[in-house]
1. Please verify whether ALA57 is buried (at least 21 other Cβ atoms within 10 Å of the Cβ), without any contact (Cβ under 8 Å) to a residue 60 or more places away in the chain, closer than 30 Å to CYS277 by Cα and out of contact with any Leu (no Cβ under 8 Å at 6 or more places or on another chain), treating the condition exactly as stated.
2. Among the residues of the stretch 228-245, how many are surrounded by 19 or more Cβ atoms within 10 Å (Cβ to Cβ) and of a type outside the set (Gly, Ala, Ser)?
3. When you check THR59 against the structure, is it more than 17 Å from the chain's Cα centre (by Cα) and farther than 30 Å from LEU226 by Cα, yes or no?
4. Aliphatic (A, V, I, L, M), more than 22 Å from the chain's Cα centre (by Cα) and surrounded by 16 or more Cβ atoms within 10 Å (Cβ to Cβ): is that true of LEU194 in this structure?
5. For ILE65, all conditions in the list (1) modelled with pLDDT under 95; (2) under 16 Å from the mean Cα position of the chain (by Cα); (3) not polar (S, T, N, Q) hold save one; what is the number of the exception?
6. For MET107, all conditions in the list (1) at pLDDT 95 or above; (2) within 20 Å of ILE205 (Cβ to Cβ) hold save one; what is the number of the exception?
7. Pick out the one residue from SER133, SER177 that is within 18 Å of LEU262 (Cβ to Cβ) and among the hydroxyl-bearing types (Ser, Thr, Tyr).
Amino acid sequence: MTNHNHTWALVLAAGEGSRLHTLTTTAEGVAIPKQFCSLYGGPSLFEETTRRASHVASTELVCSIVAEQHRQWWEHSTRHLPAGNVIVQPENRGTAHGILFSLMHIMIRDPNAIVVVLPADHYVKEERILAESVRATTALARASSRSGVYLLGIEPDEADSELGYVVPGSRVRDGSSKVSQFVEKPPSEWARLLIDRGALWNALIIVASISALVRLFEKRFASTILDMLTIARRGGCRALAVSAAKRLYQRLPTIDFSRDILEEHTQRLRVVAVANCGWTDLGTPRRVAQILQQLPPGVVASQSESETPMQMNLAAAHMRLQQSEYQPAIHRQ
């Protein structure tokens, strides 16, 4: 490998983003996956995430998992990545299968990889803070005999009921903490109690050796691992690989990585606290609106109409939604 420390980044970009469809659906009724939309003009969230990935891994080691049905949106956005780094799954079977399929493709190229998993629907105000934490955590993963699976938890600045939380347990010698508990989208009062206990926002940013990540799947998904590894090895013959992947995915159930994998292996996980860096996920219209309110008005106003037919602009969509809700109220007066 040209990168001596074997650090890879994997961008998760195969989801449907259904919770944001009120903003990402075009006038023709087409729902564009949120990761291929821009926040207020300019690069898409996917492109912002691949840029984030380049802060911790060289370009030739940045990969992305995408979905075949989204090809019209990701083909242009992935043009700067090596062709072999764009991993296409024939349909969505949940984040667990998307991550596992990607890991098999990385493993045959670099069995010593340290992998940074980055969801493609995040906003980060202070990229430097997050990048420094990710780089420090890759060093922990490399020094832990490649057995530790590290989650990055963001220090909260409010009790948000739309986010997941990870509660740290006892401290570990390397400065991380064991994982005591996961809590998904608690009511605000419960969220405040969790924060008082030291809970962090679960960003689902993960750093681990590829072998440690695969071990999370081995007990329940041994046959799937073998099938996916076989498909990845057929990468040199694209037609065979595509055909085999289609047959495999037709029989796979939908498995969520956070709920069905991580929460079953809390004893293997470690959490690293990241100073508040203006992080949020853009999972709901409310969270999009919240971030837009924090941006300088001139920035949003000057770029919010810079849409193209192939890229939805969330700021412009939000403005249209507000106007459509406001107009009926005027007519009722």
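1. When the stated conditions are applied, ALA57 passes them.
2. 2
3. Against the criterion (more than 17 Å from the chain's Cα centre (by Cα) and farther than 30 Å from LEU226 by Cα), THR59 does not qualify.
4. Here the answer is yes, as LEU194 does meet what is asked.
5. Every listed condition holds for ILE65 apart from (1).
6. (2)
7. SER177
To keep it simple, each residue is scored yes or no on (1) free of Cβ contacts under 8 Å to residues at least 12 places away in the same chain; (2) surrounded by fewer than 15 Cβ atoms within 10 Å (Cβ to Cβ); (3) out of contact with any strand residue (DSSP E or B) (no Cβ under 9 Å at 6 or more places or on another chain); (4) not in a helix (DSSP H, G or I).
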{"position": "ARG19", "(1), (2), (3), (4)": "no, no, yes, no"}
{"position": "ALA27", "(1), (2), (3), (4)": "yes, yes, yes, yes"}
{"position": "TYR40", "(1), (2), (3), (4)": "no, no, no, yes"}
{"position": "GLU47", "(1), (2), (3), (4)": "no, no, no, no"}
{"position": "THR50", "(1), (2), (3), (4)": "no, no, no, no"}
{"position": "CYS63", "(1), (2), (3), (4)": "no, no, no, yes"}
{"position": "VAL66", "(1), (2), (3), (4)": "no, no, no, yes"}
{"position": "TRP74", "(1), (2), (3), (4)": "no, no, no, no"}
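The values are calculated or read from the model by the stated rules, or taken from the named source; none is laboratory data. The structure displayed is predicted, hence computed values, not measured ones. No Cβ is skipped: glycine too gets one built from the backbone with ideal geometry, and neighbour counts run over all protein chains shown.
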